[in-house]
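What follows draws every value from the coordinates through simple rules; no lab data is involved. All figures in this text were calculated on a predicted structure; none of them were measured in a lab. Don't worry about glycine lacking a Cβ; one is built from the backbone with ideal geometry, like all the others, and counts go over all protein chains shown.
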Amino acid sequence: MEKTKEIRDKAFAFAQEIIDRHGPRLAGNDSTNAAAKMIKNKIDEYADKSDLEEFNVYQGAFLGWIKILVISYVLAVGFLWFGLPLVSLGLAIFSILILVLQFFFYLPIIDIFFPKKKATNVVGYIEPAGEVKKQVIISGHHDSAKVFNFFIHQPKLYNLRVTGSIAFVLLMVLAPIIIKLFNYNLVTMILNIFLSLGLILILQMWFFASKKATPGAGDNLIASTMSVEIGRYFSENRLKNTRIIIASFDAEEEGLRGARAFAKKHKEEFKEIPTYLLNTDCAYTLKDMFFLTSDINDTVKLDSNLANELVEIAKQNNYSAISKPIAFLTGGTDAGELAKIGVKATTLIGMPWSNEARSSVYHTENDTLDHVEKEIIDAAIKIFIQYTEKE
């Protein structure tokens, strides 16, 4: 399909132009809002309607649980040595509660304690030739992530550092109970020493994320620019009864806040007409392509039928693909927020999706376009177009 190559080349060129002009793009920064305006201007070249949708984001809040965990654990160890294990218990429960709500479920528990900034979603509409009976949203996100230091320095120890730190906090919950139950000096001393050794892991968590942001090419600007160019294709090849919605979300790296704002704003609109979301995130390598059947640490169900239908289209084009749930403790994608309001959604991913096997450029300063295989973008374009054309 010659058109696929044209769409892909335009998507790569536009993504590189945004990176060259605006560089890394943390949600809420001027560079990110400027990139959103560039995306809207490109959509304006062909869309029937487009808009910049502003919302508030609390910069740094999504990962704020990490420093709360570190501070709480240090204080808890101190209170153990001072013979106040119940205070330690309270601090451990508090930090776990923040971890579960803020990271496991992506709830904005501590957002208001962080700087409020303006972030910007971009949306464009291509109307069908006839009556609208179906809507397909094709999406990516244009903000980029903070550099994760643990993926740069000794990445093979990532799971030990993160999961090990959480394990020590969980043990901090049990230790005061054990101390109170047994009330032996030797037991207390052993637990105090062991939990103090946990500081070796816990204190490293303070440096989990850098203040710097990545170029965000594969995660996830190429998905946004690809969506823009697929939208151009459908403006030139109007469908009979399917409205195309092109969406580029902001603040995905801040806990999917952009997709959540978009879902809230358009909830009633998506209820009126059957709506489907074809989202893309971290499309790096074709051999690792799969479609999600769940999201947000496996707490939100996506549409398995949609994911499996896309897998079948992939196989018809001689691509290897599977559908599967997202792994626990590996995060989430924008599809999760749309699924919550009833949109039939899935996300195409193109890299190993586990903390120990992710792409070596993921959340690093090496997340540049030369690490995104053109073949996976070709595949995504073909699969999304062929699915959408089946009215």
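Where only DSSP H runs of four or more residues are counted, the chain gives -14500 deg cm²/dmol as its mean residue ellipticity at 222 nm, each run worth -39500 (n - 2.57).
Measuring nothing but how far apart in sequence close Cα pairs (under 8 Å, 6+ apart) lie, relative to its length, the range 210-272 scores a relative contact order of 20 percent. Using only the alpha-carbon atoms, how far is helix 2-22 inclined from the longest principal axis of the chain? Give it as 0 to 90 degrees, nearest 10. Relative to the chain, helix 2-22 is tipped by roughly 50 degrees.
Applying the Kirkwood pairwise sum to the alpha-carbon positions of the chain produces a hydrodynamic radius of 21.8 angstrom.
The angle between the Cα long axis of helix 304-316 and the longest principal axis of the Cα atoms of the chain comes to about 60 degrees, rounded to the nearest 10. Think of the range 189-317 as having a plus end and a minus end, set by charges on the Cβ of Lys, Arg, Asp and Glu; of Gly198, Val228, Asn305, Val228 sits farthest toward the positive end of this dipole. Ordering Ile245, Leu69, Thr280 by the projection of their Cα atoms onto the charge dipole of the chain, which places +1 on the Cβ of Lys and Arg and -1 on the Cβ of Asp and Glu, puts Leu69 at the extreme positive end. If I take R0 = 45 Å and measure r between the Cβ atoms of Asp30 and Leu84 in this structure, what FRET efficiency does the formula 1/(1 + (r/R0)^6) give, to the nearest 0.05? After rounding to 0.05, the efficiency reads 0.45. Taking amide H as placed 1.01 Å from N in the peptide plane, the amide H of Asp298 sits under 5 Å from that of Ile326, each at least 5 places away or on another chain. Its Cα centre serving as origin, the range 262-355 has a Cβ charge dipole (Lys and Arg +1, Asp and Glu -1) of approximately 60 debye.
Here the range 54-95 is treated as a sphere whose radius is the Kirkwood value from Cα pairs; by Stokes-Einstein at 25 °C and 0.890 mPa s it diffuses with a coefficient of 215 µm²/s. Ellipsoid fit via the Cα gyration tensor, the range 20-160: semi-axes of 42, 18, 14 Å, each the root of five times an eigenvalue, largest first.
Along the axis of the charge dipole computed for the range 107-167 (Cβ charges of +1 for Lys and Arg, -1 for Asp and Glu, origin at the Cα centre), the listed residues Phe148, Ile110, Asn121 are led at the positive end by Phe148. Pairs exceeding a 25 Å alpha-carbon distance, out of Lys40/Lys301; Lys134/Lys265; Lys265/Lys340; Lys40/Lys264: Lys40/Lys301.
Annotation note: trypsin sites (Lys or Arg not before Pro) in the range 33-134 located in DSSP loop regions with a Cβ neighbour count of at most 16 within 10 Å are Lys133. The chymotrypsin sites (Phe, Trp or Tyr not before Pro) of the range 154-187 meeting both criteria, a DSSP state outside H, G, I, E and B (loop) and at most 13 other C-beta atoms within 10 angstrom of the site's C-beta, are Tyr184.
Among the listed pairs Lys10/Lys42; Lys42/Lys118; Lys117/Lys146; Lys287/Lys344, those with a Cα-Cα distance over 19 Å are Lys42/Lys118; Lys287/Lys344.
Computed from point charges on the beta carbon alone (+1 for Lys and Arg, -1 for Asp and Glu), the dipole magnitude for the range 162-280 about its Cα centre is near 240 Debye. Dipole size of the chain about its Cα centre, with +1 on Lys/Arg Cβ and -1 on Asp/Glu Cβ: approximately 840 debye, rounded to the nearest 20. Can you bin the range 331-384 into rounded, prolate or oblate? Criterion: square roots of the alpha carbon gyration tensor eigenvalues sorted a ≥ b ≥ c, rounded for a/c under 1.5, prolate for a/b above b/c, oblate for the rest. Cα axes put the range 331-384 in the oblate bin. Normalised by the number of residues in the chain, the average gap of Cα pairs under 8 Å and 6 or more apart makes the relative contact order 23 percent. I'd like the orientation of helix 257-272 relative to the chain: the angle between its Cα long axis and the longest Cα principal axis, in ° from 0 to 90, rounded to 10. The answer is roughly 50 degrees. One quarter of the surface of the convex hull around the alpha-carbon atoms of the range 202-324 equals 10.4 nm², the direction-averaged projected area. Scaled to the globular estimate 2.2 N^0.38 Å, the Cα spread of the range 239-391, given as radius of gyration, is 1.01.
Any chance you could run the full-extension gain for Ile71 through Lys267? It's 0.36 nm times the residue separation minus the Cα-Cα distance, nm to one decimal. Using 0.36 nm per residue and subtracting the Cα-Cα distance, I get 66.7 nm.
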